[in-house]
Amino acid sequence: MLIKIKRGWEISENRVTPENVFANRRQFMQGALGGAALLGVGIGGAAFAAEGGDPMADLYPGKANPAFGALERPLTPEKLSSTYNNFYEFASHKQISESAQALKTRPWEIRIDGLVRNPQTLDIDRLIRQMPLEERVYRHRCVERWSMVVPWTGFPLAGILKLADPEPEARYVRMETFQNPDIASGQQQFWYPWPYIEGVTVEEAQNDLAFLVTGAYGKPLAKQFGAPLRLALPWKYGFKSIKSIVRFTLTDARPVSFWEQTNAEEYGFWANVNPQVDHPRWSQAVEQPLGTDSTVPSVLFNGYADQVAGLYKNMNGQNIYM
Ligand code: MTE
């Protein structure tokens, strides 16, 4: 059954950009790569301090990877990106940064299973310690037409596949978010198909751009960003970048995502950014960077065509932009 639910991205553009938030852009130009701390402290850091600190704090900031830096766009100030979030587990509006602090991110286990030779359950801190953390500046383009530029710290998603050692029949990676309606009140909204699920092909997961995020702005990841582990797939619409992951399952069946299950006519499996392919209810030609009051043209694969276009050759008949 298809239930018509008003989603956050149906709000008008003038509500997308909070007033009085557009700070001096020059301050945030590219030189800030690796100097993310300059951007001001958002909600979240304070919560960790109250809990006695994140056990992985010594790993941040990660070493900046210069291959993922020059975006010709200013970084989005942390104060904006950490107070304007989509995290439906905590509500279907953007102001969830405080309610998300109820999420307990330790202890946190990651399950790796399915068509793999090495199924395992890993403590998040053990996982983070064994991965080569680095900082990458990525664009993020939400299907709602707002966008941001964020310095994430993390490691390639391919690292999980290496640990898992997939069987040859494995074709997809299915990812799942925690489920706990006691602390995540959004999960009491029974009309959504909880838990949040996302999926990519094994080839997409092995692409170097597919990045698992454990930190942002030079610090451990704030809860509203999807701590302690979220995905960043910068060439796809933002809903593919699943937050607060607890499970990776290698499978031969294409996963049906949270949004695809909610409304398959509007949210497909591939969801690659393409300004020429409109969403059924609005154009995708332009986007509004958070903190600005104007729009800029959107670009194919969100500017990452060189790295990912090859993944989608010979896929005639499939709508890879929906
Ligand atoms: N992951 C979970 N578990 N729950 C969500 O509601 N929202 C998605 C994605 N990942 C979402 C999620 C959407 S629609 C977007 S645009 C991004 O997270 C937003 O990430 P941000 O809040 O860090 O900007």
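The values are calculated or read from the model by the stated rules, or taken from the named source; none is laboratory data. None of the values given here were measured: they were computed from a predicted structure. We place every Cβ from the backbone using ideal geometry, glycine too, and count neighbours over all the protein chains shown.
Can you find a residue in segment 205-213 that is of a type in the set (A, V, I, L, M) and either assigned to a helix (DSSP H, G or I) or modelled with pLDDT under 95 (or both)? So that I can check it myself, show each step before the final result.
So in segment 205-213, the residues of a type in the set (A, V, I, L, M) come out as 205, 209-210, 212-213.
Going one step further and asking which of them are either assigned to a helix (DSSP H, G or I) or modelled with pLDDT under 95 (or both), we end up with 205.
Within segment 205-213 (the criterion being of a type in the set (A, V, I, L, M) and either assigned to a helix (DSSP H, G or I) or modelled with pLDDT under 95 (or both)), the answer is yes, since at least one residue qualifies.
Kindly provide the set of residues from segment 214-256 that are among the small types (Gly, Ala, Ser), in a strand (DSSP E or B) and away from the ligand (no atom under 11 Å from the Cβ), ordered by number. Please lay out each step first, then the result.
To start, the set of residues in segment 214-256 that are among the small types (Gly, Ala, Ser) comprises 215-216, 218, 222, 226-227, 232, 238, 241, 244, 253.
Filter once more, keeping what is in a strand (DSSP E or B): 215-216, 232.
Answer for segment 214-256, where residues must be among the small types (Gly, Ala, Ser), in a strand (DSSP E or B) and away from the ligand (no atom under 11 Å from the Cβ): just GLY215.
Mind listing just one residue for me: the one in segment 50-92 that is among the acidic types (Asp, Glu) and farther than 20 Å from PRO107 by Cα and, of those, farthest from the ligand (Cβ to nearest atom)?
By that ranking, first place goes to GLU72.
A quick yes/no check of all residues on (1) at pLDDT below 95; (2) over 17 Å from the mean Cα position of the chain (by Cα):
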residue: LEU59; (1), (2): no, yes
residue: ASN65; (1), (2): no, yes
residue: LEU71; (1), (2): yes, yes
residue: LEU75; (1), (2): no, no
residue: LYS79; (1), (2): no, yes
residue: PHE87; (1), (2): no, no
residue: SER92; (1), (2): no, no
residue: SER97; (1), (2): no, no
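With a cut-off of at least 3 residues that are buried (at least 19 other Cβ atoms within 10 Å of the Cβ) and within 16 Å of the ligand (Cβ to nearest atom), name the strands (runs of 3 or more DSSP E) lying wholly within segment 93-153. Steps first, answer last, please.
Details: elements: 109-114, 120-123, 134-141.
Fully inside segment 93-153 and qualifying: 134-141.
In this structure, is LEU71 in a loop (DSSP other than H, G, I, E, B), in contact with a strand residue (DSSP E or B) (Cβ under 8 Å, 6 or more places away or on another chain), among the aliphatic types (A, V, I, L, M) and surrounded by fewer than 20 Cβ atoms within 10 Å (Cβ to Cβ)? Explain how you work it out, then say what you get.
Details: in a loop (DSSP other than H, G, I, E, B): yes; in contact with a strand residue (DSSP E or B) (Cβ under 8 Å, 6 or more places away or on another chain): yes; among the aliphatic types (A, V, I, L, M): yes; surrounded by fewer than 20 Cβ atoms within 10 Å (Cβ to Cβ): yes.
It is true that LEU71 is in a loop (DSSP other than H, G, I, E, B), in contact with a strand residue (DSSP E or B) (Cβ under 8 Å, 6 or more places away or on another chain), among the aliphatic types (A, V, I, L, M) and surrounded by fewer than 20 Cβ atoms within 10 Å (Cβ to Cβ).
Checking GLU198 against (1) among the acidic types (Asp, Glu); (2) away from the ligand (no atom under 15 Å from the Cβ); (3) surrounded by 23 or more Cβ atoms within 10 Å (Cβ to Cβ), only one condition comes out false. Which one?
(2) is the only condition that GLU198 fails.
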